[in-house]
1. What is the Cα coordinate range of the range 248-337 on the first, second and third principal axes, sorted by size from largest, in whole angstrom?
2. Rounded to the nearest 500, what is the 222 nm mean residue ellipticity of the chain from helices alone, with -39500 (n - 2.57) per DSSP H run of 4+ residues and division by all residues?
3. From the Cα trace of the range 1-142, what convex hull volume per residue do you get, rounded to a whole Å³?
4. Determine the alpha carbon to alpha carbon distance for each of Lys380/Lys481; Lys228/Lys479; Lys119/Lys488; Lys95/Lys481; Lys53/Lys251 and list only those over 24 Å.
5. Of the DSSP beta bridges with both residues in the range 4-205, give the percent that are antiparallel, rounding to the nearest 5.
6. Suppose R0 equals 56 Å; then what is the FRET efficiency for Lys371 and Arg19 from their Cβ-Cβ distance, rounded to the nearest 0.05?
7. What residues have an amide H closer than 5 Å to that of Ala297, excluding those fewer than 5 places away on the same chain, when H is modeled at 1.01 Å from N in the peptide plane?
8. Once both labels are modelled 7 Å past Cα along the beta-carbon direction, what's the Glu430-Arg192 spacing in nm?
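Read-outs: derived from the displayed coordinates by stated rules, not from any lab. Note that this is a predicted model, so its numbers are computed, not measured. Virtual Cβ from ideal backbone geometry, glycine too; neighbours counted across all protein chains shown.
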Amino acid sequence: MKSFEDLGLTEDTLKVLKRKGYEEPTPIQAKTIPVILAGEKDIVGQAQTGTGKTAAFGLPILELLRENVKNVQALVLAPTRELAIQVAEEINSLKGKKKLSIVPIYGGQSIDMQLRSLKKGVDVVVGTPGRIIDHLERRTLRLGEISFLVLDEADEMLNMGFLEDVTKILENTNPDKRTMMFSATMPREIMRIAERHMGDYELMGVQKGNLTVSQTDQIYFEVSPSDKFEALCRIIDIEESFYGLIFCRTKIDAETVANHLIDRGYDADALHGDLSQGQREKILNKFRKRQVNILVATDVAARGIDVRDLTHVINYALPQDPESYVHRIGRTGRAGKEGTAITFVTPEEYRKLQYIKKSAKTDIRRATLPKVKDVINTKKQRIKSELAEIVNSKLQDNYLEMSRDLLSGNSPDEILAALLQYAFHGEFDEKSYTEIEDVTSVDNKGRTRLFVAKGKKDGLTPKKLVDFIREKCGVREDKIKGIQVLEKFSFVTLPFHEAEMLLEHFRKTKKGRWPLITRAKEGKKK
Ligand code: AMP
């Protein structure tokens with residue numbers, strides 16, 4: 001397996017990746033980064049969203065771009081506004097100390113604002129085809145001296161009817177640029193674009209092995225990202241003897257989850273690539289001996305762990321690809337014992353789960369999270385039956401003696417209650433659990449994602465955004481979800497009815513101008 005160090009990236013970039021918690025390149029990154037850095041061939045890459053393809057082209061492009069260049073150096077075309085924003089944010093987060101300006105340009109945002117940033121000079125434009133054409137026609141964007149052109153989610157762009165626009169944009173660029181096209185599928189039209197508009201290109205697929213899934217019971221829960229931890233606790237608490245691996249995407253996430261679990265009183269530990277061999281062995285030994293029954297790990301760190309009889313594998317974060325899903329869950333249900341694989345899916349990731357299901361040819365059932373009441377009842381039942389078992393076995397004399405002593409001065413119910421309280425302090429308290437938002441009952445129709453044309457640079461914070469929405473339309477705070485405040489704009493999710501109220505308010509107040517809040521055009525893709 002290749003490491004980021006093997007791919008020819010600079011020290012600065014390696015530092016950025018370390019900070020972001022990326023431990024090793026994803027397959028598409030391992031393939032494309034060296035080829036792009038080598039500076040010769042164009043690339044046609046078959047990769048889904050979620051495989052790390054943004055960094056696959058973003059990292060080498062950032063390495064190769066120069067600072068203080070007057071013209072646009074790279075253009076990334078993406079099918080939807082949300083993808084354009086996400087891609088621009090991801091590239092921005094990877095650029096390190098390099099002075100480069102990366103700007104998303106998409107329909108729906110005010111043209112004036114875009115004109116201003118284009119005038120100031122932009123190195124990387126991430127845009128949707130329609131709006132890029134607008135700017136080309138107004139001559140406010142020149143693409144005659146670009147070094148890189150990326151077509152992201154090319155098949156989606158074709159599905160959305162952008163073939164003509166894309167072709168036109170391609171014709172407005174200089175022939176000596178390097179072109180990279182990424183697409184989940186490779187229909188004939190895609191290959192035709194490659195033949196017509198690209199130079200000598202290399203076709204890169206991410207190899208699909210033969211996927212087989214064990215007999216593990218596989219379920220998924222739909223949860224919003226902020227509720228994942230609470231969901232995890234409920235799952236662990238309702239199990240009689242949880243012994244499981246929890247997969248996170250980055251080592252930072254793994255550590256955070258493990259630390260939260262420890263804070264809440266669980267015996268957990270984190271396993272990630274930054275540990276020395278000695279530390280790793282120590283943690284694994286504790287896990288094997290069940291001194292620690294929860295291990296939170298990244299894919300890389302979990303590789304090669306030979307621990308048997310896990311009751312659970314939990315995908316706290318969706319795996320990168322179907323292969324990795326199969327690999328992860330293959331760790332339960334070994335040696336004839338049954339195991340459960342649980343996957344957390346945020347509403348935005350639903351499509352990716354379907355893809356994993358299909359590719360891994362496996363059935364992953366939807367399930368509902370246990371309710372707090374049920375978790376607490378199960379705990380109580382468990383204690384009752386464990387106590388009964390102890391009573392049935394021989395009780396030790398010194399305990400019996402102490403018991404008689406205690407009973408002489410108190411009533412049996414009182415002293416037993418006191419003992420339970422002493423032993424299970426706070427364990428049956430509903431308040432120690434928090435509410436989990438029911439995202440299963442609100443489908444795409446039920447909730448509306450809204451786009452807010454203000455972001456961090458306008459001084460917006462999640463709290464200010466919530467206060468603002470509350471003030472404008474009296475929407476209850478607990479109905480405002482999925483708040484994402486980015487540099488120049490933000491997103492928020494509201495129930496259908498509330499969203500309509502808010503949209504109506506802004507439609508009315510901003511006649512003739514783009515309203516501050518509009519419907520986010522496309523659903524988030526990940
Ligand atoms: P993408 O396919 O580009 O949409 O990326 C999917 C997600 O994976 C994004 O949230 C990235 O931040 C994350 N990601 C990309 N590369 C890596 C990596 N090498 N290790 C861990 N996470 C990554």
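1. Ordered largest first, the range 248-337 gives principal extents of 30, 27, 27 Å.
2. Taking each H run of at least 4 residues, the total per residue is -13000 deg cm²/dmol.
3. Dividing the Cα hull volume of the range 1-142 by its residue count gives 117 Å³.
4. Result: Lys380/Lys481; Lys95/Lys481 exceed 24 Å.
5. Counting DSSP beta bridges with both partners in the range 4-205, the antiparallel share is about 0 percent.
6. Plugging the Cβ-Cβ distance into 1/(1 + (r/R0)^6) gives 0.90.
7. Ile246, Phe247, Cys248, Leu271
8. Between Glu430 and Arg192, the label points sit 6.2 nm apart.
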